[in-house]
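Heads up, the thing below is written out as structure tokens.
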Amino acid sequence: MNTAKTYRLPQIMEIIGGGTPKTNTARYWNGSIPWITVADMSISKRFIERTEKHISEAGLSESSTKILSEGDLIISARGTVGVVNQIQTPMAFNQTCYGLRPNRDFVDDGFFYYLMLSTSQNLKKIGQGGVFNTITKDLFNSIHVSLPPIQNQRKIASILWAWDRAIDNIDKLISAKQKLKQALMQKLLTGQVRFPGFGESVSHNGDLPKGWKHAALSQIADIIVSNVDKKTDTSESAVHLCNYMDVYKHGYIDNGLELMKASASAEEIRKFKVRKLDILITKDSETPDDIGVPAIITEEIDNVLCGYHLAIIRCKSEKVQPLYLFMAFNGALINEQWKRLANGVTRFGLAVGDIEKITVLMPKIGEQSKISNLLFKLDQEITLLSEAKVKLHKQRDGLMSMLLNPEKHNNGGVYG
């Protein structure tokens, strides 16, 4: 019969435990065998291509770690639980994961990946119900799955893999665009590459291009540090807050971004209401690397205030274009200054005086526009590709849900 059968997970696969060779035994490490930890796994990739650490043959034979073969799966069982990847070349793994080896007499490797990718959500929910965020071997026994005949499994895997290949191709395009933008930004913002008609490029980073000058940030922009908290007081006016994570995660802020509701006094609204082309930066963080992360307000937004731990950078000089300054804030020259100026031990921050000291390398306004427009165009292309990737992911997940539920296909389709 060409119908699906129901199994408990352990009936269709072997569950394999991992391990760690002794870390103080040098001969166990830096060998030729890739050794997987949760840090090597990815929710956005099917296959594990490389690992951070390798072990030796002695490390393998004299510890509890095991080797996974091509087609086997690995699932994270502690911490970030439920991440599923597939193995392409033999690899060992540690005890925070389980290896899953399908019974290849009646389970196709490709189908097994998508089946466990879908099933991992149930395992994750059950695992999160305990005291610790963990998947145990017993949990696998509680999950039932439907398994169609193997020829139909292969059809399903082929359909879903076509979507994953398309997603992977978009990922590669996004990565290429991001690398191009970073390379251009480094050259354009230092004058090592210049547009025709604006003068000669310089040979070395640090040389001052002809027609450019250095300006302190305080000369070209007002700096406004916000102290608006997230509380709501019924005696105050209702507002929306653009908070730290809104800036940290979104380079461009517009009316489409959902912002937190709060309240503010009339004086706070007057001082901290954001305007079109304001740049917001993170001024406090646990690490210096997260200081000075910028976002730009791309359109007029009603009733939005800059939140706590942020500063508004508002251009006041006609000699600087806000979009250019935003791009410069993303560049290495200013990022290095943020890190150098950030004060703290367990938490880092910038005072207004520190922000005022930032030195900006400024071409004339026409060249600023050329630079910022090109980089902005690349950002738009990256955004469009990212939106296309999200759409493909949703389509893939919808197909996966439909194809892995045989009751929807008993009258035809890939289940026959």
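Residue 299 to residue 391: extension gain in nm, 0.36 nm per residue of separation minus the Cα-Cα distance?
Values: separation 92, 0.36 × 92 = 33.12 nm, distance 2.56 nm.
Stretched fully, the residue 299-residue 391 segment lengthens by 30.6 nm.
Going Cα to Cα from residue 364, which lysines come in below 18 Å? Please leave out same-chain ones fewer than 8 positions away.
Filter leaves 187, 210, 213, 316, 319.
For segment 5-147, what is the Kirkwood hydrodynamic radius in Å, using each pair of distinct C-alpha atoms?
Numbers: mean 1/r = 0.0651 Å⁻¹.
After inverting the pairwise mean of 1/r, the radius is 15.3 Å.
Please list, in chain and number order, the residues 5+ apart from residue 85 or on another chain whose amide H is under 5 Å from its amide H, with Hs placed from the backbone.
Amide H neighbours of residue 85, under 5 Å, 5+ apart: 74.
Write out the GluC sites (Glu not before Pro) in segment 13-80 meeting two conditions: DSSP loop, and at most 15 other Cβ atoms within 10 Å of their Cβ.
Numbers: sites: 14, 49, 52, 57, 62, 70; in loops: 49, 52, 62, 70.
Filter output for segment 13-80: 49, 52, 62, 70.
Could you please state, rounded to a whole Å, how far the C-alpha centre of segment 44-60 is from the C-alpha centre of segment 68-114?
13 Å
With respect to the cross-link table entries 66/125; 155/394; 124/283, which display a Cα-Cα separation exceeding 30 Å? Kindly include the intermediate steps, with their values, before the conclusion.
Values: 66/125 27 Å; 155/394 20 Å; 124/283 36 Å.
Checking Cα-Cα distances, 124/283 exceed 30 Å.
Suppose we look only past 25 Å in the calculated P(r) of segment 213-362. What percent of the Cα-Cα pairs does that tail hold?
Details: 2771 of 11175 pairs.
Roughly 25 percent, rounded to a whole number.
Diagonalise the Cα gyration tensor of the chain and give the resulting equivalent ellipsoid semi-axes, square root of 5 times each eigenvalue, largest first, whole Å. If you can, show how the numbers build up before the last one.
Details: eigenvalues 482, 138, 111 Å².
The answer is 49, 26, 24 Å, longest axis first.
Under 10 Å, Cα contacts only: if you run a Gaussian network model on the chain, which one of 235, 386, 285 comes out with the highest mean-square fluctuation?
235
Using mean Cβ contacts within 10 Å as the protection proxy, how do 169-182, 201-214 order, highest first? Don't skip to the answer; put the middle values down first.
Working: 169-182: 14.6, 201-214: 12.9.
Order by mean packing, descending: 169-182, 201-214.
What percent do you get for the relative contact order of segment 222-353 when only Cα pairs under 8 Å and 6+ apart count? Walk me through the numbers on the way to the answer.
Details: 271 pairs, mean separation 41.9, N = 132.
So the answer I get is 32 percent.
Which whole-Hz couplings ³J(HN,Hα) result when phi for each residue of segment 206-211 is put into the Karplus expression 6.51 cos²θ - 1.76 cosθ + 1.60, θ = phi - 60°, listed in order with x for Gly and Pro?
Running phi through 6.51 cos²θ - 1.76 cosθ + 1.60 with θ = phi - 60° gives x, 6, 8, x, 4, x Hz.
Bear in mind these aren't lab numbers, they're just calculated from the coordinates by the rules spelled out. On a predicted model such as this, the values are computed, not experimentally measured, just so you know. As a convention, Cβ positions derive from the backbone with ideal geometry for all residues, glycine included, and neighbour counts pool all protein chains shown.
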